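The values are calculated or read from the model by the stated rules, or taken from the named source; none is laboratory data. Since we're looking at a predicted model, the values are computed, not measured. Cβ placement follows ideal geometry from the backbone for every residue including glycine, while neighbour counts extend to all protein chains displayed. All accessible areas refer to the heavy atoms of the entire protein, side chains included, with ligands and DNA or RNA removed. Shrake-Rupley method; radii C 1.70, N 1.55, O 1.52, S 1.80 Å.
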Amino acid sequence: MAVVTLLSDFVDGTCMALSEDTDAKDLNAYMTQSPGQLWAGVQQRRRARGLTRERRGPGTLYYATNDAAHALVTAYLQSETGSEQERQCLEALRTAGVEIAPHVGEAAEREALLKGQHRHLTRQAQAKGFG
(Lines give C-alpha, C1' and ligand atoms only; values in the text may rest on other atoms or scores of the structure.)
Protein backbone atom coordinates (compact mmCIF):
# COMPACT_ATOMS: atom_id res chain seq x y z
CA MET A 1 0.00 0.00 0.00
CA ALA A 2 1.20 3.52 -0.76
CA VAL A 3 2.17 5.93 2.03
CA VAL A 4 2.01 9.73 1.95
CA THR A 5 4.23 11.71 4.35
CA LEU A 6 3.99 15.43 5.12
CA LEU A 7 7.12 17.12 6.52
CA SER A 8 6.78 20.61 8.04
CA ASP A 9 9.33 22.99 9.59
CA PHE A 10 7.96 25.44 12.16
CA VAL A 11 9.01 28.91 13.34
CA ASP A 12 9.94 27.53 16.78
CA GLY A 13 12.75 25.48 15.21
CA THR A 14 10.93 22.15 15.41
CA CYS A 15 9.79 19.93 12.59
CA MET A 16 7.15 17.24 12.32
CA ALA A 17 6.45 14.46 9.84
CA LEU A 18 3.14 12.65 9.67
CA SER A 19 2.37 9.69 7.39
CA GLU A 20 -0.74 7.82 6.36
CA ASP A 21 -1.55 4.85 4.14
CA THR A 22 -3.53 5.53 0.99
CA ASP A 23 -5.18 3.68 -1.86
CA ALA A 24 -4.57 6.65 -4.20
CA LYS A 25 -2.64 5.71 -7.33
CA ASP A 26 -0.37 8.80 -7.15
CA LEU A 27 0.20 12.01 -5.21
CA ASN A 28 -2.17 14.03 -7.36
CA ALA A 29 -4.99 11.54 -6.77
CA TYR A 30 -4.27 11.63 -3.03
CA MET A 31 -4.41 15.43 -2.92
CA THR A 32 -7.69 15.38 -4.86
CA GLN A 33 -9.25 12.75 -2.57
CA SER A 34 -7.94 14.00 0.78
CA PRO A 35 -7.06 17.70 0.56
CA GLY A 36 -5.71 19.01 3.86
CA GLN A 37 -6.13 15.73 5.77
CA LEU A 38 -2.47 15.31 6.80
CA TRP A 39 -2.08 19.02 7.53
CA ALA A 40 -5.13 18.90 9.81
CA GLY A 41 -3.57 15.93 11.62
CA VAL A 42 -0.31 17.83 12.12
CA GLN A 43 -2.16 20.85 13.48
CA GLN A 44 -4.25 18.72 15.87
CA ARG A 45 -1.14 17.01 17.28
CA ARG A 46 0.76 20.28 17.67
CA ARG A 47 -2.22 21.98 19.33
CA ALA A 48 -2.53 19.07 21.79
CA ARG A 49 1.17 19.47 22.68
CA GLY A 50 0.97 23.25 23.02
CA LEU A 51 3.31 23.84 20.05
CA THR A 52 3.09 26.53 17.37
CA ARG A 53 1.24 25.66 14.18
CA GLU A 54 2.98 28.42 12.19
CA ARG A 55 5.29 26.95 9.54
CA ARG A 56 8.38 28.70 8.22
CA GLY A 57 7.24 28.01 4.68
CA PRO A 58 5.59 25.31 2.65
CA GLY A 59 5.81 21.73 3.82
CA THR A 60 6.95 18.81 1.65
CA LEU A 61 4.86 15.83 0.60
CA TYR A 62 6.41 12.44 -0.18
CA TYR A 63 4.40 9.74 -1.95
CA ALA A 64 5.94 6.28 -1.61
CA THR A 65 4.29 3.49 -3.61
CA ASN A 66 5.37 0.60 -1.34
CA ASP A 67 7.03 -0.29 1.97
CA ALA A 68 10.54 -0.23 0.49
CA ALA A 69 10.04 3.30 -0.88
CA HIS A 70 8.52 4.41 2.44
CA ALA A 71 11.60 3.06 4.25
CA LEU A 72 13.71 5.28 1.98
CA VAL A 73 11.57 8.30 2.90
CA THR A 74 12.02 7.49 6.58
CA ALA A 75 15.81 7.16 6.18
CA TYR A 76 15.91 10.48 4.33
CA LEU A 77 13.91 12.26 7.04
CA GLN A 78 16.19 10.84 9.75
CA SER A 79 19.42 11.90 8.01
CA GLU A 80 21.32 15.00 9.07
CA THR A 81 20.54 18.06 6.96
CA GLY A 82 23.32 18.82 4.49
CA SER A 83 25.12 15.52 5.07
CA GLU A 84 26.40 13.02 2.52
CA GLN A 85 23.86 10.55 3.89
CA GLU A 86 21.04 13.01 3.14
CA ARG A 87 22.30 13.41 -0.43
CA GLN A 88 22.47 9.65 -0.92
CA CYS A 89 19.01 9.15 0.56
CA LEU A 90 17.54 11.83 -1.70
CA GLU A 91 19.11 10.17 -4.72
CA ALA A 92 17.66 6.82 -3.59
CA LEU A 93 14.22 8.44 -3.26
CA ARG A 94 14.40 9.76 -6.80
CA THR A 95 15.64 6.42 -8.16
CA ALA A 96 12.79 4.60 -6.38
CA GLY A 97 10.23 6.95 -7.94
CA VAL A 98 9.06 8.62 -4.74
CA GLU A 99 6.96 11.65 -5.71
CA ILE A 100 8.01 14.86 -3.92
CA ALA A 101 5.96 18.07 -3.96
CA PRO A 102 5.55 21.25 -1.90
CA HIS A 103 2.55 21.48 0.44
CA VAL A 104 1.02 24.93 0.85
CA GLY A 105 -1.41 25.38 3.72
CA GLU A 106 -1.95 29.15 3.78
CA ALA A 107 -1.31 32.31 1.76
CA ALA A 108 1.95 33.22 3.57
CA GLU A 109 3.36 29.78 2.68
CA ARG A 110 2.42 30.33 -0.96
CA GLU A 111 4.38 33.59 -0.87
CA ALA A 112 7.38 31.84 0.69
CA LEU A 113 7.25 29.22 -2.07
CA LEU A 114 7.07 31.82 -4.84
CA LYS A 115 9.69 34.18 -3.38
CA GLY A 116 11.97 31.50 -1.91
CA GLN A 117 12.06 33.21 1.49
CA HIS A 118 10.95 31.35 4.59
CA ARG A 119 9.68 32.97 7.75
CA HIS A 120 12.32 33.68 10.37
CA LEU A 121 12.76 31.44 13.39
CA THR A 122 11.51 32.78 16.70
CA ARG A 123 14.14 34.24 19.06
CA GLN A 124 13.88 31.20 21.31
CA ALA A 125 14.50 28.85 18.36
CA GLN A 126 17.61 30.86 17.42
CA ALA A 127 19.15 30.52 20.90
CA LYS A 128 22.51 28.74 20.83
CA GLY A 129 23.17 28.05 24.52
CA PHE A 130 23.25 29.44 28.00
CA GLY A 131 26.77 30.58 28.59
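Work out the P(r) tail for segment 1-106: percent of alpha carbon pairs separated by more than 22 Å, whole number. That fraction is 30 percent. A simple charge model with +1 on the Cβ of Lys and Arg, -1 on the Cβ of Asp and Glu and nothing else charged puts the dipole of segment 1-111 at about 360 debye relative to its Cα centre. Please report the relative contact order for segment 6-50, taking Cα pairs under 8 Å with a sequence separation of at least 6, and give it as a percent rounded to a whole number. Dividing the mean separation by the residue count of segment 6-50 yields 33 percent. Taking only the Cα atoms of segment 24-66, the ratio Rg/Rh comes out at 1.04, with Rh defined as the Kirkwood radius. Residue 16 sits among other residues whose Cβ lies under 13 Å from its own Cβ, and their net charge, with Lys and Arg +1 and Asp and Glu -1, is +4.
Accessible area per residue (1.4 Å probe, heavy atoms of protein chains only) ranks 103, 70 as 70, 103, with the largest value leading.
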